[in-house]
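Contents: one structure, followed by commentary.
The values are calculated or read from the model by the stated rules, or taken from the named source; none is laboratory data. This is a predicted model, so every value here is computed, not measured. Positions of Cβ are backbone-derived with ideal geometry, glycine not excepted, and every protein chain shown enters the neighbour counts. Side chains included, ligands, DNA and RNA excluded: accessible areas come from the protein's heavy atoms. Shrake-Rupley method; radii C 1.70, N 1.55, O 1.52, S 1.80 Å.
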Amino acid sequence: MELLVSSLKKRELANIAGDHLADFADATEQGTHRINTNPRLPWSFLAHTGLTIHPPHPPDLRKDE
């Protein structure tokens, strides 16, 4: 969870100065979408924790040509 929040703080939430809580929520949603559209990024967060992950590697996400 800490790596997820850190990623959001470095990009979408960096220097945010919204007037409403909705501005913060929108930026957080955009960051979550960015992380979800990169299939390897969530795996890297999990791998960084040192916990055992099954399967130990992300699935092969390359498309066959």
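Condition first: open to solvent by 80 Å² or more (accessible area, probe 1.4 Å) and either modelled with pLDDT under 90 or in contact with a Phe, Trp or Tyr (Cβ under 7 Å, 6 or more places away or on another chain) (or both). Now tell me which residues in the stretch 16-33 satisfy that. I'd like the intermediate steps shown before the answer.
Our first condition is that a residue be open to solvent by 80 Å² or more (accessible area, probe 1.4 Å); within the stretch 16-33, this holds for 17, 19-21, 24, 26, 29-30, 33.
17, 19, listed by residue number.
If a residue must be out of contact with any Gly (no Cβ under 8 Å at 6 or more places or on another chain) and either in a helix (DSSP H, G or I) or within 20 Å of residue 46 (Cα to Cα) (or both), how many such residues does the stretch 8-25 contain? So that I can check it myself, show each step before the final result.
First, the residues of the stretch 8-25 that are out of contact with any Gly (no Cβ under 8 Å at 6 or more places or on another chain): 9-10, 14-23, 25.
Keeping just the survivors that are either in a helix (DSSP H, G or I) or within 20 Å of residue 46 (Cα to Cα) (or both) gives 9-10, 21-23, 25.
Residues meeting the conditions: 6.
Consider residue 36 against the criteria (1) among the polar types (S, T, N, Q); (2) open to solvent by less than 100 Å² (accessible area, probe 1.4 Å); (3) at pLDDT below 90: it satisfies all of them except one. Which criterion is unmet?
(2)
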